[in-house]
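Following: one structure in structure tokens, then a few remarks.
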DNA sequence: GATAAATGCAACAAGTAAAGTTACAGATGA
DNA sequence: TCATCTGTAACTTTACTTGTTGCATTTATC
């Protein structure tokens, strides 16, 4: 599978579920559709479960289901649940000691964080129910 | 250096130049500030040069300089020059053959492309001159 | 012209994060 | 009791980025 595919995998799976919300799907079935591995699916969907977007049931006849109506799940919910941070820098970078560089670094960082927030705001405008096959 | 750092490196360097536009800097000096390698700097700044944001002069006393006033360079210019595509999927992915999956895939892709465009629009609102150390 | 100092670029090495895989414990319904 | 799920840890593989070396080319200066 390609890199940067967690968001894509999540959206595909959620959109698929949105088309038939009461149906329970196993990670093996989802992996089959997505062309990947059940463990990878559980890994990604696990974050969505932790965020309350999905429910997972163990055991016989278990599987995954949407926890809310598709209209009530925004792309921002998914993005945040996956802990994506596409624009802003990761926290653990080394900050320069030189004071001019430090000021610059701080400024660049804060601008990128603003942009990240704008991105999330944009994602919040679209819900799962708007992903329909043509 | 960290990953996803091309944009960060470019913005830092450009902001640094914006503070003193007539000064020529060599890739070795820039690399020193940025804590990286001159070749990496030339690799990244080369894209900005190709996009007309910077000029590079070879030979003795050569180096890098802003091609325009800082106010006239937006973050979107930089983003596009670097050929970043943080949200949308890369072009060369394999599209599913199943028709339902195909429709879904097309829809998800087009939504992510819309989001990518929104991101660029947001970046276009900020110029280099707005990156000033506090 | 010779020399020193810069970019341009190709080829390769090293590092890193994500995806893929295997294995197994725990839960649950038949 | 057994088959079928999820949950998770540990490890391997893969893909991409950054770092490095080497050298050709360009240009100012002596």
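The values are calculated or read from the model by the stated rules, or taken from the named source; none is laboratory data. Model, not experiment: these values are computed from the prediction. All Cβ positions, glycine included, derive from the backbone under ideal geometry; neighbour counts span all protein chains shown.
Before we move on, is residue B:32 out of contact with any strand residue (DSSP E or B) (no Cβ under 6 Å at 6 or more places or on another chain) and outside any loop (DSSP other than H, G, I, E, B)? Spelling it out, residue B:32 is indeed out of contact with any strand residue (DSSP E or B) (no Cβ under 6 Å at 6 or more places or on another chain) and outside any loop (DSSP other than H, G, I, E, B). Considering A:32, A:46, A:63, A:59, the condition of being near DNA strand D (Cβ under 6 Å from one of its atoms) and within 27 Å of residue B:106 (Cβ to Cβ) is satisfied by A:63 alone.
Once the stretch A:8-29 is narrowed to residues that are part of a helix (DSSP H, G or I), without any contact (Cβ under 8 Å) to a residue 60 or more places away in the chain and within 13 Å of chain B (Cβ to nearest Cβ), the residue that is farthest from residue B:107 (Cα to Cα) is A:29. Among all residues of the stretch B:122-130, there is none that is more than 9 Å from chain A (Cβ to nearest Cβ), surrounded by 14 or more Cβ atoms within 10 Å (Cβ to Cβ), modelled with pLDDT under 95 and under 27 Å from residue A:127 (Cβ atoms).
With respect to the stated conditions, residue A:61 fails to be out of contact with any strand residue (DSSP E or B) (no Cβ under 9 Å at 6 or more places or on another chain) and assigned to a helix (DSSP H, G or I). If you go through the stretch B:30-66 and keep only what is more than 10 Å from DNA strand C (Cβ to nearest atom) and either within 13 Å of chain A (Cβ to nearest Cβ) or loosely packed, with under 13 Cβ neighbours inside 10 Å (or both), you end up with B:32, B:33, B:34, B:35, B:36, B:52.
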